[in-house]
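Notes for the one structure printed next.
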Amino acid sequence: MRDNFVDPSRRRFVQLLLAAPLVVSGGMQPAQLIAAAAAKAAVTPECVDSDEPTPSETAGPFFKPSSPKRSSLLEPGIEGTQIVVSGRVFSRECRPLAGVLLDFWHAGDDGEYDNDGFRLRGHQFTDQQGRYRLETVVAGLYPGRTRHYHVRVQAPRGKVLTTQLYFPGEARNRRDFLFRPELLMAVKSGSGQGSFHFMLDQV
Ligand code: FE
């Protein structure tokens, strides 16, 4: 029945209006309160660019379990352009998720994966604010693929999200059959810094 239908954004709007008297001491007039509540109700989660969860992608053939726990993959002999990739992991409700496992692996500057040892492989856990930070080098290119990192993301007792992260401005992005723009990192050229926020569907 139509009368029973409550649009979630409208419900949120009503909740905000009900909460409004609690903040009257902030000096806002009722009309301002209503405008402020409407503005808040109109927005979808602000934690990531999209309100869709981070899409999954194939792990490919080079995942290896039991990577070392480390946030820096830099070690003697690693060649390539250094980069720090950081970001946060959120639930679909935009709640930062602590203790989320992120297991990264990627090809070196020479386009090779280390399948004998653990070069350019490592796992870490998000902090209380859902943050992670990875020190590594820009992933190398190998035939048939654009530049990418592989990562498995898993909240405590949650499902594993396996996906890949991509670099902006790469000529091969357009031709790569796995490339998805939702998985592009934000990388300021020349800054040595990239960022990507994950949103997990089921936690
Ligand atoms: Fe790969």
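For the stretch 84-98, the criterion of being more than 14 Å from the ligand (Cβ to nearest atom), of a type in the set (S, T, N, Q) and within 21 Å of Lys188 (Cα to Cα) is met by at least one residue. If you go through the stretch 177-203 and keep only what is modelled with pLDDT of 95 or more and part of a loop (DSSP other than H, G, I, E, B), you end up with Phe177, Leu178, Phe179, Arg180, Met185, Gly192, Phe196, His197. Considering only residues that are more than 17 Å from Ile78 (Cα to Cα) and among the aliphatic types (A, V, I, L, M), look in the stretch 117-161 and name the one that is farthest from the ligand (Cβ to nearest atom). Looking at the filtered set, the residue picked out is Ala155. Filter the stretch 44-73 down to residues that are within 16 Å of Phe104 (Cα to Cα) and either touching a Cys at 6+ places or on another chain (Cβ under 8 Å) or aromatic (Phe, Trp, Tyr) (or both) and give me whichever is nearest to the ligand (Cβ to nearest atom). This residue is Phe62.
Regarding Ala107, is this residue touching a Phe, Trp or Tyr at 6+ places or on another chain (Cβ under 6 Å), among the aliphatic types (A, V, I, L, M), open to solvent by less than 40 Å² (accessible area, probe 1.4 Å) and within 16 Å of the ligand (Cβ to nearest atom)? Can you show your working first?
Values: touching a Phe, Trp or Tyr at 6+ places or on another chain (Cβ under 6 Å): yes; among the aliphatic types (A, V, I, L, M): yes; open to solvent by less than 40 Å² (accessible area, probe 1.4 Å): yes; within 16 Å of the ligand (Cβ to nearest atom): yes.
It is true that Ala107 is touching a Phe, Trp or Tyr at 6+ places or on another chain (Cβ under 6 Å), among the aliphatic types (A, V, I, L, M), open to solvent by less than 40 Å² (accessible area, probe 1.4 Å) and within 16 Å of the ligand (Cβ to nearest atom).
Does Leu184 satisfy the criteria of being of a type in the set (A, V, I, L, M), within 14 Å of the ligand (Cβ to nearest atom) and either out of contact with any Leu (no Cβ under 9 Å at 6 or more places or on another chain) or open to solvent by 10 Å² or more (accessible area, probe 1.4 Å) (or both)? Answer is no for this residue.
In the stretch 58-70, the residues that are in contact (Cβ under 8 Å) with a residue 40 or more places away in the chain and within 12 Å of Arg152 (Cα to Cα) reach residues that are in a loop (DSSP other than H, G, I, E, B) and within 15 Å of the ligand (Cβ to nearest atom) with C-beta atoms within less than 9 angstrom, at least six apart or across chains, in these pairs: Thr58/Leu178; Gly60/Tyr113; Gly60/Arg145; Gly60/Leu178; Lys64/Tyr113; Lys64/Asp114; Lys64/Asn115.
When restricted to residues that are over 10 Å from Leu101 (Cβ atoms), of a type in the set (A, V, I, L, M, F, W, C) and without any contact (Cβ under 8 Å) to a residue 40 or more places away in the chain, the stretch 151-173 contains 2. Could you check Arg174 against (1) assigned to a helix (DSSP H, G or I); (2) crowded, with 18+ Cβ neighbours inside 10 Å and say which number it fails? For Arg174, the failing item is (2).
The values are calculated or read from the model by the stated rules, or taken from the named source; none is laboratory data. Everything quoted here is computed from the prediction, not taken from an experiment. Using ideal geometry, Cβ is built from the backbone for each residue, glycine included, and neighbour counts are taken over all protein chains shown. To get the accessible areas, we keep the full protein, side chains included, count just its heavy atoms, and leave off ligands, DNA and RNA. Shrake-Rupley method; radii C 1.70, N 1.55, O 1.52, S 1.80 Å.
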